[in-house]
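> Let me give you the structure first, and then I'll get to my questions.
The values are calculated or read from the model by the stated rules, or taken from the named source; none is laboratory data. Keep in mind the model is a prediction, meaning the values are calculated, not measured. Virtual Cβ from ideal backbone geometry, glycine too; neighbours counted across all protein chains shown. The protein model used for the area step is the full one, side chains on, heavy atoms only, and it has no ligands, DNA or RNA in it. Shrake-Rupley method; radii C 1.70, N 1.55, O 1.52, S 1.80 Å.
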Amino acid sequence: MSKGQPFIGIVQGDACGIGPELLPKLLQGLEENEKNRVLVISDRRVLEAGCVVSGLEISCKALHERAAIDPHCGEIQLLDVPCLDPAGIVPGTVSADAGRAVLETFGLAIDLAKAGTVDGICFMPFNKAAMHLAGIGVEDELTWAKARLGVTSRASEFNVIDGMWNARVTSHVPLKDVAGRLTIELIVEAIVLADQTLKRAGYANPRIAVAALNPHAGDGGAIGKEEIDTIAPAVEKAALQEIEVHGPFPSDTLYLKVRDGQYDCALSMYHDQGQIAIKLLGFDQGVSVLGGLPVPITTPAHGTAFDIVGTNTANVRAARNAFRMVVAMAQGRAHRHA
Amino acid sequence: MAERRPETSAPIVLTTGEPAGIGPDLVVQLLQQPLPGSFCVVTDPTLLLERARAIGLDLEEVEGGVAGPGGHLGVVPVLLRAPCSPGRLDTANAGHVLEMLTHAVEGCLAGRYTAMVTGPVQKSLINDAGHVFTGHTEFIAERCGIEQPVMMLATDAMRVALVTCHLPLAEVAVSITQETLAAVLRIVAHDMSRWFGFNAPVLGVCGLNPHAGESGHLGTEEIEVIDPVISKLRSEGLELVGPLPADTAFTARQLADLDVVVAMYHDQGLPVIKHHGFGEVVNITLGLPIVRTSVDHGTALDLAGSGRAEVSSLRAAIRMAERMTRGI
């Protein structure tokens, strides 16, 4: 089901972070056939500020309205969204203005995807605090994108490193509430979403390993009963839907199985169970995928890195991997080196 | 504080743990190579000889112990209660396992041994035999008259201590109080000085919640429990860093500034060190008047008698015990 080079929208990210300086690095490193199929959605002045920091010049065709977008124009296109003058912000700080610019450019990208103009979106790092100051009104960009796209079914963030995928059943939940949130239905939903998302990324038959909740996977019920009462039944139920899923596995062996290639995706029960492992296995190269949406959306897993903004030391590798991932997902083929 | 250090001329004592598991195999396998230090073993010598035969390795009975190509090893006999086949559990031998442990603890307390290194036991079997046994750590602590032992895992490069250990995840948050946390941090700081030679050890303290609670948005235990304890203990002179979001506490950049990481629960700390440790992770009990280290793996019943057991963790546990008795 491989298609030609998809048309990808690249969103500027929080202008107080390293997004603007990553943009030119990312664009310069693209192949010619990729450059022809890229639409940067940014305030021109933000991109220019990034070019100054990175010492790069990017030649692109600036557009001032959606109607001018030509998916086959033969060079990088910039949809210039006049939303933020970088002279008015302080790099490395949380800014409501920068947050508003993020919502405006990201929202535009989502609308373009909804209209079928772009086939996928890759965004440079956002800052959650800035988006909250700007009035995002929901927990995070995933929830926001979901609402804008009219999605009501489960959506979830996936982390990907070197062909290892990770998804979570619960995410930003206090630890004491995690066990109470887990139900058979919720875990089955998460398994099904993982299966669908990896299939979209080109895995014909994704192999999913499900984490236990308790130490030693509960040790036969001696250290917690959730494995017996909830997780194992969910795994069985999902397996009936012809999904290749196994578990629950204790945390300390789960990620070794994925690392060693026995499984493609780990499904963790709570935030830190997955995040600790994911960061150990190659934090700065990681990609986040917003799964469960009708359009592929990816971003580098790292944040805005306020401490190094403007120093031209930001590593573009994760952004490049995020771009490659969204291309692969838009084409429906596996990208194993995210 | 003046604390008695055992006579360094005394040996380290090993216990072989569950006889049907790989504990006896590991001792036999150790004896095939030059021995990693001065130690003796408390076990049934017949068990070692039989296991060596099963694996097909050289071992012979000598005066006071056994000998293999790697050297001579003193054996303190604690006999099996029933014959033992590799991989076959028998509750009759639970008494054998507990007697070895009791002998080792008492010997350490009396100064006859400098440290004890334990092989893996089968908890369920000891309980099935009618003894209340929640684990090595608790058993040894009780015999030393200690209420709150602390489990730490260590490699040469990294140390992780746990505030809670074998608890259901649902009970973790509620069981961490200011009192228990303060006690654990004091023990870790004290023992890092006593057994590992740090003058002013730097302890990294993990948060409990995602992003260490993110100012209370993702949980309040950091604000209500962890922060106040850190402030109090800092005022007593402890070097504490935290609460650290657990997913960044173990990055190389963060670890470079820490001598030990204190994790709030089992799966916050263990997967990391196992990932780093490559089979050389040692389990250490802190808060005891004696040195106790252990392998970090289980009885591996399916490998007993096969010769395929991996001896690196036991070797590391002996090296670690020896290092601790020298206080470096």
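> Counting just the residues of segment B:74-109 that are of a type in the set (G, A, S) and farther than 15 Å from B:T137 by Cα, which one comes out surrounded by the fewest Cβ atoms within 10 Å (Cβ to Cβ)?
Residues of segment B:74-109 that are of a type in the set (G, A, S), as a first pass: B:74, B:82, B:85, B:87, B:92, B:94-95, B:104, B:107.
Those left that are additionally farther than 15 Å from B:T137 by Cα: B:74, B:82, B:85, B:87, B:92, B:94-95, B:107.
On the way: B:G74: 16, B:A82: 11, B:S85: 13, B:G87: 16, B:A92: 14, B:A94: 22, B:G95: 17, B:G107: 21.
By that ranking, first place goes to B:A82.
> Could you list all residues from segment B:135-161 that are under 14 Å from the mean Cα position of the chain (by Cα) and polar (S, T, N, Q)?
If the condition is that a residue be under 14 Å from the mean Cα position of the chain (by Cα) and polar (S, T, N, Q), then B:T137, B:T155 are the ones that fit.
> Further question on the same structure: Tell me whether segment B:255-264 contains one or more residues that are in contact with a helix residue (DSSP H, G or I) (Cβ under 8 Å, 6 or more places away or on another chain), open to solvent by 40 Å² or more (accessible area, probe 1.4 Å), farther than 22 Å from A:P215 by Cα and free of Cβ contacts under 8 Å to residues at least 40 places away in the same chain.
For segment B:255-264, residues in contact with a helix residue (DSSP H, G or I) (Cβ under 8 Å, 6 or more places away or on another chain), open to solvent by 40 Å² or more (accessible area, probe 1.4 Å), farther than 22 Å from A:P215 by Cα and free of Cβ contacts under 8 Å to residues at least 40 places away in the same chain: absent.
> Of all the residues that make up segment A:205-237, how many are modelled with pLDDT of 95 or more, crowded, with 16+ Cβ neighbours inside 10 Å and more than 8 Å from chain B (Cβ to nearest Cβ)?
Total satisfying the criteria: 14.
> Considering only residues that are under 12 Å from B:V75 (Cβ atoms) and hydroxyl-bearing (S, T, Y), look in segment B:26-48 and name the one that is farthest from the chain's Cα centre (by Cα).
Filtering first and then ranking leaves B:T46.
> Follow-up question, since we're still on this one. Determine, yes or no, whether A:I243 is modelled with pLDDT of 95 or more, open to solvent by less than 50 Å² (accessible area, probe 1.4 Å) and closer than 17 Å to A:T170 by Cα. Please lay out each step first, then the result.
Working: modelled with pLDDT of 95 or more: yes; open to solvent by less than 50 Å² (accessible area, probe 1.4 Å): yes; closer than 17 Å to A:T170 by Cα: no.
No: the conditions fail for A:I243.
> Do the conditions hold for B:F278, that is, is it open to solvent by 40 Å² or more (accessible area, probe 1.4 Å), among the hydrophobic types (A, V, I, L, M, F, W, C) and either within 14 Å of another protein chain (Cβ to nearest Cβ) or more than 24 Å from the chain's Cα centre (by Cα) (or both)? Step through it out loud before you land on a result.
Values: open to solvent by 40 Å² or more (accessible area, probe 1.4 Å): yes; among the hydrophobic types (A, V, I, L, M, F, W, C): yes; either within 14 Å of another protein chain (Cβ to nearest Cβ) or more than 24 Å from the chain's Cα centre (by Cα) (or both): yes.
Against the criterion (open to solvent by 40 Å² or more (accessible area, probe 1.4 Å), among the hydrophobic types (A, V, I, L, M, F, W, C) and either within 14 Å of another protein chain (Cβ to nearest Cβ) or more than 24 Å from the chain's Cα centre (by Cα) (or both)), B:F278 qualifies.
> Taking into account only those residues within segment B:236-250 that are farther than 14 Å from B:V160 by Cβ and part of a loop (DSSP other than H, G, I, E, B), which is most open to solvent (accessible area, probe 1.4 Å)?
B:E236
> How about segment B:246-265: which of its residues are at pLDDT below 95, in contact with a strand residue (DSSP E or B) (Cβ under 8 Å, 6 or more places away or on another chain) and within 11 Å of another protein chain (Cβ to nearest Cβ)? Spell out the reasoning first.
Within segment B:246-265, the subset at pLDDT below 95 is B:246-257.
Checking which are in contact with a strand residue (DSSP E or B) (Cβ under 8 Å, 6 or more places away or on another chain) leaves us with B:246, B:249-250, B:254-255, B:257.
Once the filter is applied, which keeps residues that are at pLDDT below 95, in contact with a strand residue (DSSP E or B) (Cβ under 8 Å, 6 or more places away or on another chain) and within 11 Å of another protein chain (Cβ to nearest Cβ), segment B:246-265 yields B:A246, B:A249, B:F250, B:Q254, B:L255.
> Just need a number here: residues in segment B:201-235 that are more than 14 Å from chain A (Cβ to nearest Cβ) and either at pLDDT below 95 or part of a strand (DSSP E or B) (or both).
3
> Another question about this same structure. Anything in segment B:127-171 that is open to solvent by less than 40 Å² (accessible area, probe 1.4 Å) and either over 29 Å from B:H96 (Cα atoms) or within 10 Å of another protein chain (Cβ to nearest Cβ) (or both)? List them, or say none.
B:T155, B:M158, B:R159, B:V160, B:A161, B:L162, B:V163, B:T164, B:C165, B:P168, B:L169
> Is at least one residue of segment B:284-294 modelled with pLDDT under 95, open to solvent by less than 40 Å² (accessible area, probe 1.4 Å) and within 15 Å of the chain's Cα centre (by Cα)? Can you show your working first?
Of segment B:284-294, the ones modelled with pLDDT under 95 are none.
No, segment B:284-294 contains no residue that is modelled with pLDDT under 95, open to solvent by less than 40 Å² (accessible area, probe 1.4 Å) and within 15 Å of the chain's Cα centre (by Cα).
> Additional query: Hey, any hits in segment B:172-192 for a residue that's buried (at least 22 other Cβ atoms within 10 Å of the Cβ), modelled with pLDDT under 95 and within 14 Å of chain A (Cβ to nearest Cβ)?
no
> Right, next: Among (1) facing another protein chain (nearest Cβ under 10 Å); (2) over 25 Å from B:Y265 (Cβ atoms), which single condition is B:R112 missing?
The failed condition is (1).
> Follow-up question, since we're still on this one. Might you let me know whether segment B:294-312 holds any residue that is in the same structural domain as B:Q122 (by TED's automatic domain parsing) and free of Cβ contacts under 8 Å to residues at least 12 places away in the same chain?
Among the residues of segment B:294-312, at least one is in the same structural domain as B:Q122 (by TED's automatic domain parsing) and free of Cβ contacts under 8 Å to residues at least 12 places away in the same chain, which makes the answer yes.
> Further question: Take B:A54 and tell me if it is part of a helix (DSSP H, G or I), more than 21 Å from B:I146 (Cβ to Cβ) and at pLDDT 95 or above. Quick ask: steps written out before the conclusion?
Values: part of a helix (DSSP H, G or I): yes; more than 21 Å from B:I146 (Cβ to Cβ): yes; at pLDDT 95 or above: yes.
Yes; evaluated as a whole, the condition is true for this residue.
> Further, regarding this structure: Being in contact with a helix residue (DSSP H, G or I) (Cβ under 6 Å, 6 or more places away or on another chain) and surrounded by fewer than 17 Cβ atoms within 10 Å (Cβ to Cβ) is the filter here; which residues of segment A:150-171 pass it?
A:R154, the sole residue that qualifies.
> Could you identify the single residue in A:A147, A:A115, A:A155, A:A179 that is farther than 28 Å from A:E21 by Cα, among the hydrophobic types (A, V, I, L, M, F, W, C) and within 14 Å of another protein chain (Cβ to nearest Cβ)?
Values: A:A147 fails: within 14 Å of another protein chain (Cβ to nearest Cβ); A:A115 fails: within 14 Å of another protein chain (Cβ to nearest Cβ); A:A155 fails: within 14 Å of another protein chain (Cβ to nearest Cβ).
Exactly one of A:A147, A:A115, A:A155, A:A179 is farther than 28 Å from A:E21 by Cα, among the hydrophobic types (A, V, I, L, M, F, W, C) and within 14 Å of another protein chain (Cβ to nearest Cβ), namely A:A179.
> Something else about it: In the set A:E57, A:E75, A:E48, which member is over 24 Å from the mean Cα position of the chain (by Cα) and either within 16 Å of A:G13 (Cβ to Cβ) or among the polar types (S, T, N, Q) (or both)? Walk me through how you get there before you give the answer.
Numbers: A:E57 fails: either within 16 Å of A:G13 (Cβ to Cβ) or among the polar types (S, T, N, Q) (or both); A:E75 fails: either within 16 Å of A:G13 (Cβ to Cβ) or among the polar types (S, T, N, Q) (or both).
Within the list A:E57, A:E75, A:E48, the selection yields A:E48.
> On to the next question. Is it true that some residue in segment A:312-334 is under 30 Å from A:K176 (Cβ atoms), more than 14 Å from chain B (Cβ to nearest Cβ) and buried (at least 21 other Cβ atoms within 10 Å of the Cβ)?
First pass over segment A:312-334, keeping only residues under 30 Å from A:K176 (Cβ atoms): none.
Scanning segment A:312-334, I find no residue that is under 30 Å from A:K176 (Cβ atoms), more than 14 Å from chain B (Cβ to nearest Cβ) and buried (at least 21 other Cβ atoms within 10 Å of the Cβ), so the answer is no.
> Do you know which residues across segment A:171-204 are of a type in the set (K, R) and at pLDDT 95 or above? So that I can check it myself, show each step before the final result.
Of the residues in segment A:171-204, the ones of a type in the set (K, R) are A:176, A:181, A:199-200.
Answer for segment A:171-204, where residues must be of a type in the set (K, R) and at pLDDT 95 or above: A:K176, A:R181.
> Looking only at segment B:60-73, how many residues end up being in contact with a strand residue (DSSP E or B) (Cβ under 7 Å, 6 or more places away or on another chain) and open to solvent by 30 Å² or more (accessible area, probe 1.4 Å)?
Here the count works out to 4.
> When you scan segment A:111-182 for helices (runs of 4 or more DSSP H) that lie fully inside it, which ones turn up with 1 or more residues that are assigned by TED's automatic domain parsing to the domain that holds A:L254 and within 30 Å of A:A212 (Cβ to Cβ)? So that I can check it myself, show each step before the final result.
Values: elements: A:128-133, A:141-148, A:175-181.
Those helices (runs of 4 or more DSSP H) span A:175-181.
> Please note which strands (runs of 3 or more DSSP E) are completely contained in segment A:1-100 and include at least 2 residues that are without any contact (Cβ under 8 Å) to a residue 60 or more places away in the chain. Spell out how you get there, then give the answer.
Details: elements: A:8-11, A:38-42, A:61-63, A:77-80.
The strands (runs of 3 or more DSSP E) meeting that bar are A:38-42, A:61-63, A:77-80.
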